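Accompanying notes for the structure given below.
The values are calculated or read from the model by the stated rules, or taken from the named source; none is laboratory data. Just so you know, these numbers come straight off a predicted model, no measurement behind them. Backbone-built Cβ (ideal geometry, glycine too); neighbour counts: all protein chains shown. For accessibility, only protein heavy atoms count, side chains too; no ligands or nucleic acids. Shrake-Rupley method; radii C 1.70, N 1.55, O 1.52, S 1.80 Å.
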Amino acid sequence: MERLAHTYPDHIQTLRQRADALLAEHELEGMIIHAGEPHRIFLDDMDYPFKVNPHFKHWVPVVDNPHCYLVVKAGEKPTLLFYRPVDFWHKVPPLPTEYWVEQVNLVAFAKLDEVAGLLPAERSRFAYIGEHSQRAAELGLNLINPQALMDALHFRRSIKTDYEIACMDEANRIAVLGHIAARDAFLAGGSEFAIQQAYLTATEHGENDVPYGNIVALNEHSAILHYTKLERQAPEESRSFLIDAGAAVNGYAADITRTYAKDPDSRFGRLVAAMDEAQLEIIDAIRPGLRYTELHEMMHRKVAELMVRFELANATAEQVFESGLTRAFFPHGLGHPIGLQVHDVAGFMQDEQGTHLAAPEAYPALRCTRVLEPGMVVTIEPGLYIIDTLIEALPAEARALLNTAVIDELRPFGGIRIEDDVVVTENGILNLTRKHGLA
């Protein structure tokens with residue numbers, strides 16, 4: 001908490017400087033950033049779990065209180081309209097007193113019909129940033145998420161402040177506690193559901209607190225990339241375990257994946273260890289000025305080498321790569337930007353005008369084509385899986401290179417993915433995940 005308190009003033013100053021420049025450039029008087037409103041479940045009297053507007057939590061660490069507004073004007077301290085209703089059905093949020101409050105003008109209000117009177121009287125040159133266009137119209141805000149402004153906000157958000165990196169560092173520390181607990185639960189023979197509960201207990205997160213639905217997969221299930229249907233019964237034999245799970249601090253995410261073999265000396269266990277080494281080699285190659293797609297292709301070449309080394313293919317590594325085999329065994333992207341969102345914005349944006357560079361045709365699932373810059377935070381998450389539908393879809397000449405006996409041997413283990421959260425620095429990287437002791 002001390003580190004967050006120390007870095008937050010500079011963070012808010014950076015956001016104010018960015019906002020002042022953008023408001024002048026786009027001839028706006030200000031921005032009104034809406035935290036958001038609850039979404040009612042269809043034909044029900046309850047709401048879905050509330051997810052705050054990422055632009056709102058970029059400024060203030062208020063992630064669980066809908067109906068709040070932040071008023072940003074050039075050259076002025078931002079004003080936070082903080083909703084505190086009179087309510088005996090639900091717990092009313094306390095008035096904030098934490099380290100960040102002195103950086104905003106805090107105005108509490110109790111009734112939603114007070115909002116219009118608390119906003120600036122003349123609002124024609126204010127941009128509304130949020131998802132509730134009808135509410136914006138009711139408040140006389142007609143400049144709703146202007147595309148040019150949004151592009152610039154998203155592009156600049158890619159470079160994280162020290163406060164943002166501190167939040168993600170803390171989120172990684174917490175997530176590592178969960179990963180260690182989950183690993184131990186796997187080794188003790190736990191079911192997927194029991195492993196998930198061990199993770200949530202260790203991180204002190206509820207299922208709605210984690211930044212995404214945890215992937216907790218035993219055996220063949222780890223070949224399902226987004227497996228979230230947890231079995232309550234442990235399998236007769238737990239051969240392998242893949243966990244992709246994170247944590248959140250002040251709305252900033254950690255996203256970590258590890259794979260374990262019950263028998264580290266098996267072919268699968270040795271392949272997990274080799275993938276771990278390859279992932280670290282890719283991380284060591286990160287430097288400013290390198291395009292993310294270059295890293296992705298480097299990893300595919302390493303996957304080709306692993307497929308030859310562990311006898312999944314009867315060919316040279318170059319033949320495996322050129323034939324497209326690796327795309328069937330490593331079908332997703334190497335990683336993605338991370339921050340206020342797990343898959344953070346601007347992964348394809350090449351400038352703040354929104355110039356889009358799509359993923360290469362050969363790698364359509366890649367989520368980032370940016371040139372890396374200091375201050376960016378990305379995940380590095382290579383994988384290797386036995387996915388029969390993808391293998392069957394390969395051209396016959398590519399399938400002919402495969403060693404079906406080894407494929408059959410590895411199929412009951414599912415697949416491998418290893419993921420760290422990495423800060424790009426002037427001289428290389430800072431690995432937020434490994435620094436907290438998760439091998």
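Here are the numbers for the structure shown:
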item: Between 0 and 90°, nearest 10: helix 267-284 axis offset from the chain longest Cα axis; result: 50
item: Mean ellipticity per residue at 222 nm, deg cm²/dmol - from DSSP H runs of n ≥ 4 across the chain, formula -39500 (n - 2.57); result: -10500 deg cm²/dmol
item: Distance histogram for segment 1-145 (every C-alpha pair counted, 5 angstrom bins, percent rounded to whole numbers); result: 2, 9, 18, 22, 21, 14, 8, 4, 1, 0
item: Sulfur and carbon atoms: percent of accessible area, the chain [1.4 Å]; result: 51
item: Inter-label distance for L357 and N208, nm, one decimal - labels placed 7 Å from Cα along Cα-to-Cβ; result: 4.1
item: Mean accessible surface per residue for segment 42-105, computed with a 1.4 Å probe while every protein chain stays in place, in Å²; result: 58
item: Amide H contacts under 5 Å for L402, placed H, 5+ residues apart; result: N314
item: Ranked order, R270, R157 - accessible area, probe 1.4 Å, largest first; result: R270, R157
item: In segment 6-61, the chymotrypsin sites (Phe, Trp or Tyr not before Pro) that fall in loop regions by DSSP, at most 12 other Cβ within 10 Å; result: F42
item: Segment R301-R399, extension gain: residue separation times 0.36 nm, minus the distance between their alpha carbons; result: 33.5 nm
item: Label zone at D408, where the point sits 7 Å out along the Cα-to-Cβ direction: segment 377-395 residues whose backbone N lies under 18 Å; result: 386-389, 391-392
item: All-pairs alpha carbon distance profile, the chain, 20 Å steps from 0, percent; result: 24, 51, 23, 2
item: Two-site label geometry, Y99 and T425: point separation in nm, points 7 Å out along Cα→Cβ; result: 2.0
item: Listed pairs K73/K111; K57/K435; K57/K160; K57/K77 exceeding 21 Å between Cα atoms; result: K73/K111; K57/K435
item: Rounded tilt (10° steps) of 292-309 against the dominant C-alpha axis of the chain; result: 20
item: Under 14 Å from the Cα of K229 - aspartates and glutamates, other chains or at least 8 residues apart; result: E192, E207, E220, D244
item: Cβ crowding within 10 Å averaged over residues, with 365-376, 6-17, 159-170 ranked highest first; result: 159-170, 365-376, 6-17
item: Accessible area (Å², 1.4 Å probe, nearest 10) - S133; result: 60
